[in-house]
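Read through the structure below, which is laid out as structure tokens, and then see the notes.
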Amino acid sequence: MHKNIPIDHPRYISLTIREKLVNGFKAGIVVPQGLMAHGRGEAFDYLLGENTTPSALYAEKAACCLLLISKHPVISVNGNTAALCSREIVELSKLLGASLEVNLFHQSQRRSHLIAETLIENGATQVFGLYSATRTMINGISSNRRFVDTFGMAKADTVFLALEDGDRCQALRSQGKNVISVDLNPLSRTAQASSITIVDNLIRAVPNMVNLTNQLRAEKVSELIKIVSEFDNETNLKYSTEVIRNGIQKRY
Ligand code: PTJ
């Protein structure tokens, strides 16, 4: 509970999520641009009803299956992700046997190390993306996101990107990697370019994925492969945009 936010406030959850980001900003984990990016996300979340939609849950399930059948799954963590759900991201990485890698748009050594420390405080044992000795580049991207770890994202077959700008997603896809992204904006370049797009708030998506992975771990590999192969990202994105359209039409 936050001292300035009354628990009976109608927008209590949304306000406490903001507080996590503000605290992350004060701690040097989140960049000011991250606060703006969150505002854009909030607007889409409002239109989506601030709940996990059936299509988002389906994408989360397919994403967990894909991560479970991958040989080198990597979870890419930026400032907003660390501030919003470090504990759950670490839990998910352990359940999946996935590596954690810090990758920032607004690159800074200090912030990378602060994010890694937060992940370690939350139970991570290894975090990639911190040292220049193991740094390599992915082609087709000019931002700082091009720097990846030789033992992390560079060798990944599947990358789970949380908040993202579209360039890296496209570059990773063109290298033959599967890309799973979480983006509340179903129209974004990231959403359009991903193998699996989860149109949900990160704060709900990651705990959902922890629960789903716990259930799916017992499934046969053939069943996991079937779920992934039946999933169609374009169709699923259309459902998410329909939720927004129908929600507005119902009211006006
Ligand atoms: O920590 P850094 O340096 O890597 O910087 C991170 C930011 C977020 C600043 C950077 O990735 C950025 O500029 O992102 P964009 O291009 O603004 O994209 C952010 C996308 O995430 C937008 O499409 C938002 O709708 C979406 N988004 C924001 N908050 C959430 C979200 N999606 C899911 N859950 C959220 N909580």
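The values are calculated or read from the model by the stated rules, or taken from the named source; none is laboratory data. Just so it is clear, the structure is predicted and the values come from calculations on it, not from any experiment. Counting neighbours? That spans all protein chains shown, and the Cβs are built from the backbone with ideal geometry, glycine included. Heads up: the accessible areas ignore ligands, DNA and RNA and are worked out on the full protein's heavy atoms, side chains in. Shrake-Rupley method; radii C 1.70, N 1.55, O 1.52, S 1.80 Å.
Only sites in a loop by DSSP and with at most 12 other Cβ atoms within 10 Å count here; which trypsin sites (Lys or Arg not before Pro) in region 186-225 make the cut? Numbers along the way, then the final one.
On the way: sites: Arg189, Arg204, Arg217, Lys220; in loops: Arg217, Lys220.
Sites meeting the loop and neighbour criteria: Arg217, Lys220.
Skipping prolines and chain starts, which residues have an amide H placed within reach, meaning under 5 Å, of the one on Val77, given they are 5 or more residues away or on another chain?
Here the answer is Glu101, Val102, Asn103, since their amide H atoms fall under 5 Å of that of Val77.
Name the residue farthest towards the positive end of the dipole of the chain from the options Ser222, Gln175, Ser55, assuming +1 on Cβ of Lys and Arg, -1 on Cβ of Asp and Glu, about the Cα centre.
About the Cα centre, the residue reaching furthest to the positive side is Gln175.
Could you check how much of the accessible area of the chain is carbon and sulfur, as a whole percent, using a 1.4 Å probe?
Values: 6520 of 12360 Å².
Roughly 53 percent of what the probe reaches on the chain is carbon or sulfur.
I need to check one value: relative contact order of region 1-121, counting alpha carbon pairs closer than 8 Å and at least 6 residues apart, in percent. Intermediate values should be presented prior to the final figure.
Numbers: 93 pairs, mean separation 32.0, N = 121.
With pairs under 8 Å counted, the relative contact order is 26 percent.
Run the dipole for region 54-251 about the Cα centre, Lys and Arg Cβ at +1, Asp and Glu Cβ at -1, nothing else charged, and hand back the magnitude in debye, nearest 20.
Details: 22 positive and 19 negative charges, 40 e Å.
It works out to roughly 200 debye.
Per residue, how large is the accessible surface of region 54-251? Use a 1.4 angstrom probe and give square angstrom.
On a per-residue basis, 44 Å².
Please work out how much length the chain gains when fully extended from Ser174 to Ser229, using 0.36 nm per residue of separation minus the C-alpha to C-alpha distance, in nm with one decimal. Don't skip to the answer; put the middle values down first.
Values: separation 55, 0.36 × 55 = 19.80 nm, distance 1.94 nm.
Residue separation times 0.36 nm, minus the Cα-Cα distance, leaves 17.9 nm.
What is the distance in Å between the Cα centres of region 108-176 and region 1-40?
Distance between centres, Cα-based: 25 Å.
Using only alpha carbon pairs under 8 Å that are at least six residues apart, calculate the relative contact order of region 54-251 and give it in whole percent.
Working: 347 pairs, mean separation 52.5, N = 198.
Worked out over region 54-251, it gives 27 percent.
Which links in Lys94/Lys226; Lys20/Lys94; Lys3/Lys26; Lys177/Lys238; Lys177/Lys250; Lys94/Lys155 stretch past 29 Å when you go from one Cα to the other? Provide the component values of the computation, followed by the final result.
Working: Lys94/Lys226 24 Å; Lys20/Lys94 23 Å; Lys3/Lys26 17 Å; Lys177/Lys238 23 Å; Lys177/Lys250 40 Å; Lys94/Lys155 18 Å.
In this structure, Lys177/Lys250 lie more than 29 Å apart at Cα.
For the chain, evaluate the Debye formula with one uniform point scatterer on each Cα (no solvent term) and list log10 I(q)/I(0) at q = 0.09, 0.14, 0.15 Å⁻¹, rounded to two decimals.
Each listed q corresponds, in turn, to -0.37, -0.92, -1.06.
Once both labels are modelled 7 Å past Cα along the beta-carbon direction, what's the Arg251-Gln109 spacing in nm?
Result: 4.8 nm between the two label points.
Once the Cβ-Cβ distance between Val22 and Asn214 is put in as r, and R0 is 45 Å, what FRET efficiency do you end up with, to the nearest 0.05? Each step should come with its number before you reach the end.
Working: r = 31 Å, r/R0 = 0.70.
Calculated transfer efficiency: 0.90.
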